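Participant: Starting off with a structure, shown below.
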Amino acid sequence: MGAYSGEISVGVIGTGGMGTRHAETLSSAVSGARVAGVTDLDRSRAEKLAVSCGSDATVFQDEQSLIQDDGIDAVVLTTPDDTHAGLVMECLRCRKPVFCEKPLATTVEDARGIVEAEAELGRKLVQVGFMRRYDPRHLDVKSAIDSGAIGQPVLLKGTHRNAGARPGTSSESILVNSAVHDLDAARWIVGQEIEEVYVRGTNTPAAPDGEVLDLQVIQLALGGGCLANIEVYVNAGYGYDVDLEVVGDAGTIRVAPANAPLLRKQRYASYPVEGDWLERFPAAYVLEMQRWIEDLHNGRLTGPDAWDGYISLLLAESCISALHSGSREPFENPRRPELYL
Ligand code: ISE
């Protein structure tokens, strides 16, 4: 990694919403990189994306041939969650930097395997797509906390609502697929590690499946004395909504309410609500890709790493235990290998 002689040739695996967004960002909004390869099970979609990137991108037969190709310097991985770990391991085997959409894996064992393999290599090659860390509205909150503007953080209040659950959603997958964002954001924004989790869930009338606990309330205790209360609701219906407020002993700070201006009309004041994460986080996705490419040129990754991905899955697993047991679960933070200190 590092010392690329010219533009970094990126291969994009998966051409759904996220893969398409990252490919378009790389080819139109980010300097120092180009989309050199694309692959997807749906070949015609991959062909369309290669053309729309306006480059001479190769459409690869499958993920392995893209990762192994000498013309590909780095990989963006946006396939279904349960394929991430195997493909990240293949990137590590080929010594290729990989930007992996969250979650890093779907099991703690697979995530630990990635951390061990990377630590063995002795250099970071993996970044995880926790894009809230690049969202200007979240970054404003983080800067205010870091500058001491609200004093000592004592409570974090989070909301994470999806308009509708995707087919096949289970109570557990909500924690692995969605809540990993909130677990990561909590650690990142207050700079404290989580030490205890407690989760309650309910099956709301909006849930298509009578068993799934589609609204979950996660309570956390963090090491520095801060508590957290986070709602994750995947059938909110009205739109996609991510909100965060941190209460400190000298004030509180909350992410700015919208990407759009406040409209006052017919005795109502309103902001639009986005439909999904692609609409809510456009700036974050550009900053995340731009920074990743700059870091690759500089030879040092600075974004959320395999360790963060691993910890988020360990936490999700503790949340699953808490959901099943109905009890508070202590969370013991494992010792970081030197690479992640
Ligand atoms: C989705 O997969 C995402 O990655 C979104 O960022 C997240 O907010 C949503 O809950 C997930 O389902």
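Participant: Could you derive backbone 3J(HN,Hα) for the stretch 220-234 from the dihedral phi with the Karplus parameters 6.51, -1.76 and 1.60 (θ = phi - 60°), listing whole Hz in sequence and x where the residue is Gly or Pro?
Facilitator: Those phi angles translate into 10, 10, 9, x, x, x, 7, 9, 9, 9, 10, 9, 10, 10, 9 Hz.
Participant: I need to check one value: relative contact order of the chain, counting alpha carbon pairs closer than 8 Å and at least 6 residues apart, in percent. Don't jump to the answer; show the numbers that get you there.
Facilitator: Values: 698 pairs, mean separation 70.3, N = 341.
After rounding, I find 21 percent.
Participant: Right, something else. Classify the stretch 214-331 as rounded, prolate or oblate, taking a ≥ b ≥ c as the square roots of the eigenvalues of its Cα gyration tensor: rounded when a/c is under 1.5, otherwise prolate if a/b is larger than b/c and oblate if not. Before the final figure, lay out the partial values.
Facilitator: On the way: a/c = 1.74, a/b = 1.12, b/c = 1.56.
Oblate.
Participant: With every protein chain left in place, what is the accessible area per residue of the chain in square angstrom, probe 1.4 Å?
Facilitator: Numbers: 15050 Å² over 341 residues.
Each residue of the chain exposes 44 Å² on average to a 1.4 Å probe.
Participant: Give me the percent of the accessible area of the chain that comes from carbon and sulfur atoms, probe 1.4 Å, all protein chains in place.
Facilitator: Working: 7240 of 15050 Å².
Within the chain, the accessible surface is 48 percent carbon and sulfur.
Participant: Still on this structure, please answer the following. Using 0.36 nm per residue, how much length does the chain from ALA149 to SER270 gain when fully extended, once their Cα-Cα distance is taken away? Please report the intermediate quantities before stating the final value.
Facilitator: On the way: separation 121, 0.36 × 121 = 43.56 nm, distance 2.84 nm.
That works out to 40.7 nm of additional length.
Participant: What is the stretch 96-183 by shape, rounded, prolate or oblate, if you read a ≥ b ≥ c off the alpha carbon gyration tensor as root eigenvalues and call it rounded for a/c under 1.5, prolate for a/b larger than b/c, and oblate otherwise? Show your work: numbers first, answer last.
Facilitator: Working: a/c = 2.19, a/b = 1.22, b/c = 1.79.
The shape class here is oblate.
Participant: Here's something else I'd like to know. Under 11 Å from the Cβ of ARG132, count the other residues' Cβ atoms, weight Lys and Arg +1, Asp and Glu -1, and hand me the total. Mind showing how you got there, number by number?
Facilitator: Values: positive: LYS102, ARG133, ARG137, LYS142, ARG280; negative: ASP135, ASP182, ASP184, GLU288.
Value of the local net charge: +1.
Participant: Run the quick spin-label model on HIS324 and ARG336: label points 7 Å from Cα toward the beta carbon, then report their separation in nm to one decimal.
Facilitator: It works out to 3.0 nm between the two label points.
Participant: Also, quick follow-up: Taking only Cα atoms and a 10 Å spring cutoff, compute GNM fluctuations for the chain and point out the largest among ASP308, ASP182, ASP209.
Facilitator: ASP209
Participant: Here's another thing I want to ask about it. Within the stretch 202-242, which residues have the backbone N less than 20 Å from the label spot 7 Å out from ALA260 along Cα→beta-carbon, could you tell me?
Facilitator: 236-242
Participant: Tell me the chymotrypsin sites (Phe, Trp or Tyr not before Pro) within the stretch 223-284 that lie in a loop according to DSSP and have at most 15 other beta-carbon atoms within 10 Å.
Facilitator: Values: sites: TYR233, TYR238, TYR240, TYR268, TRP277; in loops: TYR238, TYR240.
Hits after loop and neighbour filter: TYR238.
Participant: Starting from the stretch 264-341, pick out the trypsin sites (Lys or Arg not before Pro) whose DSSP state is loop and whose Cβ has at most 16 other Cβ atoms within 10 Å. Intermediate results must be reported in sequence, preceding the final value.
Facilitator: Details: sites: ARG264, LYS265, ARG267, ARG280, ARG291, ARG300, ARG328, ARG335; in loops: ARG267, ARG300, ARG328, ARG335.
Hits after loop and neighbour filter: ARG267, ARG300, ARG328, ARG335.
Participant: Under 5 Å between amide H atoms, partner at least 5 residues away or on a different chain: which partners does THR106 have, H built in plane at 1.01 Å?
Facilitator: ALA85
Participant: Where the eigenvalues come from the Cα gyration tensor of the stretch 271-325, what are the semi-axes √(5λ) of the equivalent ellipsoid, largest first, in whole Å?
Facilitator: Numbers: eigenvalues 159, 102, 5 Å².
Value: 28, 23, 5 Å, ordered largest first.
Participant: With no solvent and one point on each alpha carbon, what is the Debye value of log10 I(q)/I(0) for the chain at q = 0.06, 0.13 Å⁻¹?
Facilitator: For the chain, the Cα-only Debye profile gives -0.21, -1.04.
Participant: So if we plug the beta-carbon distance of GLN61 and ASP209 into 1/(1 + (r/R0)^6) with R0 = 56 Å, what FRET efficiency do we get, rounded to 0.05? Intermediate results must be reported in sequence, preceding the final value.
Facilitator: Numbers: r = 36 Å, r/R0 = 0.65.
Efficiency, from the Cβ-Cβ distance: 0.95.
Participant: Plugging the Kirkwood radius over Cα pairs into Stokes-Einstein for the stretch 78-133, at a temperature of 10 °C and a viscosity of 1.306 mPa s, what D comes out in µm²/s?
Facilitator: Values: Rh = 11.2 Å.
This corresponds to a translational diffusion coefficient of 142 µm²/s.
Participant: Would you kindly state how much longer the chain becomes between ARG123 and LEU278 on full extension, computed as 0.36 nm times their sequence separation minus their alpha carbon distance, in nm to one decimal? Intermediate values should be presented prior to the final figure.
Facilitator: Values: separation 155, 0.36 × 155 = 55.80 nm, distance 3.10 nm.
Between ARG123 and LEU278, full extension yields 52.7 nm more.
Participant: Inverting the mean 1/r over all pairs of different Cα atoms, compute the Kirkwood radius of the stretch 3-115 and quote it in Å. All intermediate terms of the calculation are to be shown ahead of the outcome.
Facilitator: Details: mean 1/r = 0.0720 Å⁻¹.
With all distinct Cα pairs of the stretch 3-115 included, I get 13.9 Å.
Participant: May I ask you to list the lysines whose Cα is less than 28 Å away from that of LYS124, ignoring any residue fewer than eight positions away on the same chain?
Facilitator: Correct list for LYS124: LYS96, LYS102, LYS142.
The values are calculated or read from the model by the stated rules, or taken from the named source; none is laboratory data. From a predicted model like this one, the values you see are computed outputs, not experimental measurements. Note that each Cβ is placed from the backbone with ideal geometry, even for glycine, and that neighbours are counted across all protein chains shown. Each accessible area value is taken on the protein alone, full model and side chains, heavy atoms only, with ligands, DNA and RNA left out. Shrake-Rupley method; radii C 1.70, N 1.55, O 1.52, S 1.80 Å.
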